[in-house]
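K.L.:
Structure in structure tokens, see below.
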Amino acid sequence: MFWISLAYLLLEVVLAYFLRASVFERGNRSSAIVPIARTLLSDGVFGTSPGNPTASNEPLYSFFLAVTFFIFGKNWLGLVVMQSLVHIAGALILKRLAGLFFPEKGVSFLAFLLVLFYPFYITQAITVADTTVFTTLLAFSAYLTFRVASGSRNGSGMAAVAGIVFGLLLLTRQSILSIIPFAVLYILINPFHRKRSLLKAAILVATCIMTVLPWIARNYSYTQKVFISTHGGIELWFAFNPETRWYLENDVSVDGMRKQVPGVFPELADTGSTAFRNSLEAERHEFEVFSAKGIDYIRTAPGKCISMIPLKFIKFWSVVKNPSSHPVEDTKNLVGPWDLLYTFYYTPLLVLGLTGMFLALKRKRPWLLLFFYLTGFTIFHSIVYGFTRLRVPLDQFLILYASFVLTEFISSIKKRFAS
């Protein structure tokens with residue numbers, strides 16, 4: 001595994017070398033995350049510039065980037081090495097989880113190999129995006145939750161660590177809120193030691209809250225409001241407004257709706273001085289305005305919101321990559337090589353993964369935990385909005401089940417030839 005991991009790391013470095021000029025320009029909200037990381041190092045302030053604190057992003061990935069810049073400086077090689085090492089750690093964690101689920105020889109190693117070289121994960125390790133960090137923490141949370149629920153030694157201590165990991169996930173993407181109740185439920189339905197299970201669930205929730213609390217207190221000190229980040233307001237508006245269906249149906253990123261902001265919300269253009277518009281107070285005001293508009297649409301057009309749920313579900317699990325990365329005017333009938341590659345590797349993974357889940361159910365394996373993870377995220381993104389890039393962290397669990405199916409298939413072939 002050491003040499004395989006080294007080969008993976010070298011592959012990432014070689015790929016990043018050819019893309020080095022654009023590494024810090026690509027990625028989700030990279031235009032904000034990179035300045036925040038640099039300001040953290042230079043000024044000790046979580047903000048886009050010295051003296052301008054922000055709460056527009058969940059903080060963990062920016063802190064991760066700041067640590068990377070501190071160790072390596074702001075260069076493409078340091079970013080790629082750090083994110084690749086995090087991904088290797090995630091593959092090792094999934095290997096351990098696969099071993100707990102399927103003791104059959106070869107399953108855990110194959111899962112490690114397939115996760116390590118999964119094409120989308122490879123691209124995310126050379127991109128300014130939180131996907132690699134979030135995916136690794138997600139695997140770690142599943143591993144810890146399973147160990148806590150299975151009654152392993154030092155269960156209370158492990159529950160505390162699990163709570164910290166869930167807290168870190170919350171500080172990376174707030175969508176993990178859709179999973180935490182399922183993780184608690186999985187621990188509580190443990191048929192052994194009911195009182196002990198209740199205690200461990202309580203410890204998990206308490207440590208999760210304690211992990212997030214300092215950041216919430218920081219935001220409250222600026223705005224007298226309780227929140228992790230303010231961008232959830234505009235995300236709510238993206239999910240619930242008259243234009244959402246068009247963006248989903250045409251595979252266009254909902255970020256394109258930002259151009260409508262000045263016309264739809266003129267009050268945000270009249271909030272006073274430039275200094276105010278660049279302040280956390282202005283971000284809070286923006287959060288409240290966007291949230292109110294999204295909630296108002298849910299209240300006035302509930303039927304339209306409900307009717308979009310099947311479409312959002314399809315987009316979340318689609319074998320066609322979406323949204324398109326091309327400009328809006330070029331999206332019609334435009335399919336690039338990366339889109340075809342996505343369909344080529346994801347379609348068999350989906351089939352094999354679902355087959356593995358079914359076989360695990362029949363064999364009475366501990367399949368319920370990962371089913372909870374898949375269900376929680378699917379419900380959340382089917383209600384809000386789902387794109388394939390938001391589903392990608394779940395693909396590692398499909399890989400786990402697909403590895404079991406492939407191992408069983410290879411084993412049966414060997415037996416036939418041996419006989």
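The values are calculated or read from the model by the stated rules, or taken from the named source; none is laboratory data. Note that this is a predicted model, so its numbers are computed, not measured. When we count neighbours, we look across all protein chains shown, and the Cβ atoms used for this are built from the backbone with ideal geometry, even at glycine.
K.L.:
Condition check: under 24 Å from Leu248 (Cβ atoms) and modelled with pLDDT of 95 or more. Does Leu398 satisfy that? I'd like the intermediate steps shown before the answer.
P.N.:
Numbers: under 24 Å from Leu248 (Cβ atoms): yes; modelled with pLDDT of 95 or more: yes.
Yes, satisfied.
K.L.:
Go over the candidates Ile179, Ile187, Ile209 one by one and state the one that is of a type in the set (Val, Ile, Thr), more than 15 Å from the chain's Cα centre (by Cα) and within 24 Å of Arg96 (Cβ to Cβ).
P.N.:
On the way: Ile179 fails: more than 15 Å from the chain's Cα centre (by Cα); Ile209 fails: within 24 Å of Arg96 (Cβ to Cβ).
None of the others qualify; the one that does is Ile187.
K.L.:
Are any of the residues in the range 229-238 in contact (Cβ under 8 Å) with a residue 24 or more places away in the chain and outside any helix (DSSP H, G or I)?
P.N.:
Taking the range 229-238 as the starting set, the residues that turn out to be in contact (Cβ under 8 Å) with a residue 24 or more places away in the chain are 229-238.
With the extra rule that they be outside any helix (DSSP H, G or I), the set shrinks to 229-230.
Within the range 229-238 (the criterion being in contact (Cβ under 8 Å) with a residue 24 or more places away in the chain and outside any helix (DSSP H, G or I)), the answer is yes, since at least one residue qualifies.
K.L.:
Now a separate question. Going residue by residue through the range 125-132, is there one that turns out to be within 30 Å of Ile410 (Cβ to Cβ), in contact (Cβ under 8 Å) with a residue 12 or more places away in the chain, touching a His at 6+ places or on another chain (Cβ under 9 Å) and of a type in the set (Gly, Ala, Ser)?
P.N.:
The answer is yes, given that some residue of the range 125-132 is within 30 Å of Ile410 (Cβ to Cβ), in contact (Cβ under 8 Å) with a residue 12 or more places away in the chain, touching a His at 6+ places or on another chain (Cβ under 9 Å) and of a type in the set (Gly, Ala, Ser).
K.L.:
Being over 12 Å from the mean Cα position of the chain (by Cα), touching a residue at least 24 places away in the same chain (Cβ under 8 Å) and closer than 27 Å to Asn190 by Cβ is true for just one of Ile383, Ile379. Which residue is that? First the steps, then the outcome.
P.N.:
Details: Ile383 fails: closer than 27 Å to Asn190 by Cβ.
Only one candidate qualifies: Ile379.
K.L.:
Out of everything in the range 353-372 that is among the basic types (Lys, Arg) and part of a loop (DSSP other than H, G, I, E, B), what residue ends up being nearest to Phe146 (Cα to Cα)? Before the answer, list the steps.
P.N.:
So the first thing to find is which residues in the range 353-372 are among the basic types (Lys, Arg), and the list is 362-365.
Next, only the ones that are part of a loop (DSSP other than H, G, I, E, B) stay: 363-365.
Numbers: Arg363: 18, Lys364: 15, Arg365: 12 Å.
Here the answer is Arg365.
A quick yes/no check of all residues on (1) at pLDDT 95 or above; (2) of a type in the set (Ser, Thr, Tyr):
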| site | (1), (2) |
| --- | --- |
| Leu6 | yes, no |
| Arg20 | no, no |
| Val23 | no, no |
| Ile36 | no, no |
| Val45 | no, no |
| Thr48 | no, yes |
| Pro53 | no, no |
| Val80 | yes, no |
| His87 | yes, no |
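K.L.:
What is the one condition in (1) within 29 Å of Phe102 (Cβ to Cβ); (2) assigned to a helix (DSSP H, G or I); (3) of a type in the set (A, V, I, L, M); (4) at pLDDT below 95 that Leu350 does not satisfy?
P.N.:
With (1) within 29 Å of Phe102 (Cβ to Cβ); (2) assigned to a helix (DSSP H, G or I); (3) of a type in the set (A, V, I, L, M); (4) at pLDDT below 95 applied to Leu350, the lone miss is (4).
K.L.:
Any residue that is modelled with pLDDT under 70 and exposed (fewer than 12 other Cβ atoms within 10 Å of the Cβ) - is there at least one of those in the range 307-327?
P.N.:
The answer is yes, given that some residue of the range 307-327 is modelled with pLDDT under 70 and exposed (fewer than 12 other Cβ atoms within 10 Å of the Cβ).
K.L.:
Go through (1) closer than 23 Å to Pro53 by Cα; (2) outside any loop (DSSP other than H, G, I, E, B) and name the single condition Lys200 misses.
P.N.:
If we test Lys200 against (1) closer than 23 Å to Pro53 by Cα; (2) outside any loop (DSSP other than H, G, I, E, B), just (1) comes out false.
K.L.:
A further question on this structure: If you go through the range 84-114 one residue at a time, how many are closer than 15 Å to Thr407 by Cα and outside any loop (DSSP other than H, G, I, E, B)? Quick ask: steps written out before the conclusion?
P.N.:
Going through the range 84-114, the residues closer than 15 Å to Thr407 by Cα turn out to be 95, 98-99, 101-114.
Next cut, outside any loop (DSSP other than H, G, I, E, B) only: 95, 98-99, 101, 107-114.
Count: 12.
K.L.:
Which pairs do you get when a residue that is over 26 Å from Ile176 (Cβ atoms) and at pLDDT below 90, found in the range 187-205, comes within reach of a residue that is surrounded by fewer than 17 Cβ atoms within 10 Å (Cβ to Cβ) and of a type outside the set (Asp, Glu), reach meaning Cβ atoms under 7 angstrom, with the pair 6+ apart or on two chains?
P.N.:
Phe192/Gly151; His193/Gly151
K.L.:
For the structure I just gave you, tell me whether Val226 is modelled with pLDDT of 90 or more and not charged (D, E, K, R).
P.N.:
Working: modelled with pLDDT of 90 or more: no; not charged (D, E, K, R): yes.
So Val226 does not fit the description; no.
K.L.:
Can you find, within the range 265-306, the residue that is farthest from Glu58 (Cα to Cα) among those that are at pLDDT below 80, surrounded by fewer than 16 Cβ atoms within 10 Å (Cβ to Cβ) and of a type in the set (A, V, I, L, M)?
P.N.:
Ranking the qualifying residues of the range 265-306, first place goes to Ala269.
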